[in-house]
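First up is the structure itself, then whatever we jot down about it.
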Amino acid sequence: MTHAPHKFTSGPLARQMLVFSVPLILSNLLQTLFNLSDVAVVGRFAGAAALGSVGSTTHLVYLFTSFLIGLGSGVNVLTARFYGADDHDALRQTVHTALLVCLLAGFVILALGESFSRPMLALLGTKPDLTDGASLYLRIYFLGMPAMALYNFGSAVFSAVGDTKRPLAYLTISGVLNVALNLFFVIVCRMDVAGVALASVLSENLSAVLILIALFRCRQEYGLVFREIRLRGNRARAILGLGLPAGFQNAIFSIANLFIQGGVNTFDSVVVEGNAAAANGDLIIFNVMSAFYVACSSFISQNFGAGKRDRIRKSYLIGMGYSLASAVVLGGLLLLMGRPFLSLFTTEPAVVEAGLGRMTIMIYSYWISAFMDCSSAASRGLGKSLIPVIVTILGSCVFRVVWVYTVFAYIGTFESLYLVYAFSWAITSVAQVWYFVRCYKKLTARMG
């Protein structure tokens, strides 16, 4: 099967964005399946303690993986821009430099994870009976960070040129392997926490190998050639200039959520385990929504490179509409199917009830985050990444930490803890929308 690249600078935008986003949604969901299958298998076959151990690592895992995803978004934006502008030299240089930048980032995160997993768990106040299992899971899981970085690099390149089907195909293969290995290692080999972590690492390496083979075999201008792989200072600075702020923005959410996890850890183990199970609903909905953010950023970047002002504005509005619709529809489905969904991850009724409490609050809040994240992605598509990070630091990280130590500390209920998401998203959304509109008017004024 051939996979031709696509230009987003002409044609029906709404249809193009939907066709682009559907494979990306499936890819995101499959990537989420790596962690979901870990949690489901240990919860069903290894018990509540193993579930709590793996669940306690969720925010730490997301802290580092979201950084790699953010770095990949910088690669995506620059690749899309040069592709839209038909600047083949800049495109080739960017892709070959980005490969090394992402790989180095993966090894840095591997080193950090191996060195500081247990201290970070202690900082979060992880329950003593869960700490050993959580630390073991993290130390194995982090071995897959270089492979995850390479897969995100390849996915970013293919997505930038409109090919979201190939990353989906490779992730489907590795996702099926992940589930099979989870069941084998846990049920047959009795490896519980270590087994699901090892399954994720092996699956991530497979997806990385497949996507790299595709890029080396590709004969388009964005294909990889061994002799051209080297760090070019100007291209690396451009990638890091967009990717690092995006990565830090993603990581900042995780840092703030670590404080929330610390608040969760003040309750008993049933609440901790229920929170771990319910958080999987967040992962599903946010990964569907994030596909539309990538679409928004990619379409805006290509059309910015091509000088298409009107299509920039329409890409933003359509991306926002799709994001809002997915939050409302999926939130409604989760509201109806909450109990069966939680039962996938635990057999204990008390844990299910605790999870439902968190899930009910979150379901009514998801849609607010669309304004924040879609606007931030749109600004990044215009090449503006720093200010959205600052806005995120103030509106999400600082605000959430203050909330935990004031509102939650005073009221002390889990409802008062989970409501911080809705309030922080609302505040940050106002600033992110304003900043994008300002950038759009300023940068596109010369286009006519």
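Annotations
- Semi-axis lengths, Å, the stretch 330-437, gyration tensor of Cα atoms, sqrt of 5 times eigenvalues: 30, 18, 10
- Protection-proxy order for peptides 164-173, 221-230, 307-316, 185-194, each taking the mean of Cβ atoms within 10 Å per residue, highest first: 164-173, 307-316, 185-194, 221-230
- Cα-derived Rg to Rh of the stretch 124-274, Kirkwood definition: 1.05
- When a 1.4 Å probe is rolled over the protein heavy atoms, the share of accessible surface on the stretch 304-368 that falls to carbon and sulfur comes to 71 percent.
- Descending semi-axes in whole angstrom, ellipsoid equivalent of the stretch 232-367, from the Cα gyration tensor: 36, 20, 10
- Protection proxy ranking of 195-205, 333-343, by the mean of other Cβ atoms within 10 Å over each peptide's residues and highest first, is 195-205, 333-343.
- Note: the stretch 267-334, Cα convex hull, 84 Å³ per residue.
- Close Lys-Lys pairs in the chain, where close means Cα under 21 Å and separation is 8 or more or interchain: 11
- Accessible area (Å², per residue) of the chain, counting only protein heavy atoms and a probe of 1.4 Å: 38 Å²
- Among F82, F267, F248, residue whose mean-square fluctuation peaks in a GNM of the chain (springs only between Cα atoms under 10 Å): F267
- The chain: equivalent-ellipsoid semi-axes (sqrt of 5 x gyration tensor eigenvalues, Cα, Å): 34, 25, 19
- Most mobile of V404, V108, V271 in a GNM of the chain (Cα contacts under 10 Å): V108
- Solution diffusion estimate, µm²/s, Stokes-Einstein, the stretch 51-188, Kirkwood Rh from C-alpha pairs, 20 °C, viscosity 1.002 mPa s: 129 µm²/s
The values are calculated or read from the model by the stated rules, or taken from the named source; none is laboratory data. The model shown is predicted, which means the values in this text are computed figures rather than measured ones. Quick reminder, even Gly has a Cβ in these numbers, built from the backbone with ideal geometry, and neighbours come from all protein chains shown. Side chains are part of the model used for accessible areas, which takes the heavy atoms of the whole protein and leaves out ligands, DNA and RNA. Shrake-Rupley method; radii C 1.70, N 1.55, O 1.52, S 1.80 Å.
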